[in-house]
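Beneath this line is the structure, given in structure tokens, with notes to follow.
The values are calculated or read from the model by the stated rules, or taken from the named source; none is laboratory data. Only a predicted model underlies this, so the values are computations on that prediction, with no experimental measurement involved. Glycine gets a Cβ as well: all are built from the backbone with ideal geometry, and neighbour counts include every protein chain shown.
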Amino acid sequence: MPIRDLFRAATLLLACAVAPLVAARNAPAVDPAAAAAAKPPVPLLWKVTGPGDSRLYLLGSFHLLKPQDYPLSPDVEQAFEASQRIVFELSPEDMQSPQLASRMVQAAVRTDGSELKRDLDAATWQKLQAFAAQNALPLAQMQGMKPWFVGLSISIGQMQKLGLDPALGLDRHFMERAQKTGRKTAGLEDIDTQIGMLDGMTVQEQRQMLSEALDQAGKGDEQARLLHDAWRRGDERLLWTKMAAEMRQQYPQLYQRINTGRNDAWVPKLLPYLQAGQGGTLVVVGTLHLLGNDGVVEKLKAKGYKVERVCAGCRAKR
């Protein structure tokens, strides 16, 4: 996997943590005519069957979406209607908390008196200066921030230029629907865990992420287009290849921190929902967490649960 693919994948995976900084508003209205003309995305949705009436629906999210990505498929709508509670990476309370943005910025601020330039090589610094001049980026203010924050801010901004909007992300969509319908909600992580995932990156990883964000900005962000298109098609094989497989091989520590370690922590928190009498639970998390032999899907299979892909459109194509 080219290094740019690796850090683009990491950026998309971490977008949920950054989204509240750039999406402190309601989702834009979806044009009914445009929605009717668009085909719903093919869902990355799995059903896990437990004893009695218990079942989990695992839905792979894309954290920034377009208006034409709605409405969702009937499979997803049926899973929502069959669920009494919705579980996310972060609870709606944490996602909507003013503390999330303030604590993230606090973690991103440099406290040793040094400047951003110190952590960057000459070529990356020059690219950042050029980008700042062309895009009205307040470079003087960015000097006081860590590279991960600057890189992710650039990446999210560029994805928004493609029409990908964090206010339309699948997580926010279901948070709003859960609140409107009175469903119970929960989070698999807290604010500190999400921020620690970002701030725990090494300086080298942060530098590479910022460099990659600048490179992708100059190329029209084709990697974000590719991954969004794959998500719309429900192409789990391409998403696994582009987002995880070689990352796991080439950068095992980074992969462990942002993916495997979190999956391992989540599974025990999901098991109580599979006890008899729990009914239906919809779990909405980043797609990467569901894919591969160390994803949540395979981990639940290994525990003896029946897990099946739910995709009427996929069956129709066979």
### Task
Test residue 230 against the criterion of being over 15 Å from the mean Cα position of the chain (by Cα) and in contact (Cβ under 8 Å) with a residue 12 or more places away in the chain, and give yes or no.
no
### Query
Would a scan of the range 125-138 turn up a residue that is closer than 18 Å to residue 209 by Cβ and at pLDDT below 95?
yes
### Query
Can you tell which of 130, 140, 136, 107 is in contact (Cβ under 8 Å) with a residue 60 or more places away in the chain and either small (Gly, Ala, Ser) or loosely packed, with under 14 Cβ neighbours inside 10 Å (or both)?
107
### Query
residue 198 is checked against (1) surrounded by 19 or more Cβ atoms within 10 Å (Cβ to Cβ); (2) in a loop (DSSP other than H, G, I, E, B); (3) out of contact with any Pro (no Cβ under 9 Å at 6 or more places or on another chain) and fails just one. What number does that condition carry?
(2)
### Query
Across the range 35-62, what is the number of residues that are assigned to a loop (DSSP other than H, G, I, E, B) and farther than 24 Å from residue 273 by Cα?
5
### Message
Taking the criterion of being closer than 25 Å to residue 222 by Cα and touching a helix residue (DSSP H, G or I) at 6+ places or on another chain (Cβ under 8 Å), would at least one residue in the range 102-122 satisfy it?
### Response
yes
#### Entry: First in the range 182-207 and under 15 Å from residue 285 (Cα atoms) and at pLDDT 90 or above, second anywhere and surrounded by 16 or more Cβ atoms within 10 Å (Cβ to Cβ) and of a type in the set (Asp, Glu), Cβ under 6 Å, 6 or more apart
187/94; 188/89; 189/89
### Message
Looking only at residues that are closer than 14 Å to residue 48 by Cα and surrounded by fewer than 18 Cβ atoms within 10 Å (Cβ to Cβ) in the range 249-286, which one is modelled with the lowest pLDDT?
### Response
276
### Query
Any chance the range 157-165 includes a residue that's under 17 Å from residue 60 (Cα atoms), modelled with pLDDT under 95 and aliphatic (A, V, I, L, M)?
yes
#### Entry: Single residue of the range 229-248 satisfying the filter (crowded, with 18+ Cβ neighbours inside 10 Å, small (Gly, Ala, Ser) and over 18 Å from residue 162 (Cβ atoms)) that is modelled with the highest pLDDT
234
#### Entry: Residues satisfying the stated conditions in the range 154-181, i.e. among the β-branched types (Val, Ile, Thr) and either surrounded by 15 or more Cβ atoms within 10 Å (Cβ to Cβ) or in contact (Cβ under 8 Å) with a residue 12 or more places away in the chain (or both)
154, 156
#### Entry: Among the residues listed as 250, 275, the single one being polar (S, T, N, Q), closer than 18 Å to residue 296 by Cα and touching a residue at least 40 places away in the same chain (Cβ under 8 Å)
275
